[in-house]
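Working notes for the structure below.
What follows is calculated from the coordinates using simple rules that are stated; it is not laboratory data. Keep in mind the model is a prediction, meaning the values are calculated, not measured. All Cβ positions, even for glycine, are placed from backbone atoms using ideal geometry, and neighbour counts span all protein chains on display.
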Amino acid sequence: MVSIEICIGSACYVKGSSQVVKDLNALVEENGWKDQVEIKGSFCMKSCQNKWGLGIRVNGKQLQGVTMQNAKEMLKNEISAALN
Ligand code: FES
């Protein structure tokens, strides 16, 4: 099981976190990962203050450099790696 937390704080919302949630749901659907990926919302995880891009954790690891544009690809890579 891969656990993904996406920040729902205001700074991330402005940067498109709601679009990332949509993209992530689509990714899970496309790859048949429904039973293997758990998606949760999270409060601010300080990515905004650290200029790490959108606040996203994969199995507790906080990603850096995520944007609305690259999120789907980055998450695909992270999930694939975590499942293998
Ligand atoms: S608002 Fe998302 S990390 Fe701070």
With -39,500 (n - 2.57) per DSSP H segment of 4 or more residues and division by the full residue count of the chain, the 222 nm estimate, nearest 500 deg cm²/dmol, is -12500 deg cm²/dmol
Proximal lysines relative to residue 34, as straight alpha-carbon distance under 29 Å, when same-chain residues fewer than 8 apart are discounted:
15, 22, 46, 61, 72, 76
Fewest to most Cβ atoms within 10 Å: 29, 5, 38 sort as 29, 38, 5
Please list, by residue number, every one of the chymotrypsin sites (Phe, Trp or Tyr not before Pro) in the stretch 1-76 that is coil in DSSP and has at most 11 other beta-carbon atoms within 10 Å.
43
Compute the helix-to-body angle for 71-83: its Cα long axis versus the longest principal axis of the chain, expressed 0 to 90° and rounded to tens.
50
Please compute the length gained on full extension between residue 21 and residue 73, using 0.36 nm multiplied by the number of residues separating them and subtracting their Cα-Cα distance.
17.4 nm
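Cα-based Rg of the chain per 2.2 N^0.38 Å, rounded to two decimals?
The chain yields a ratio of 0.98.
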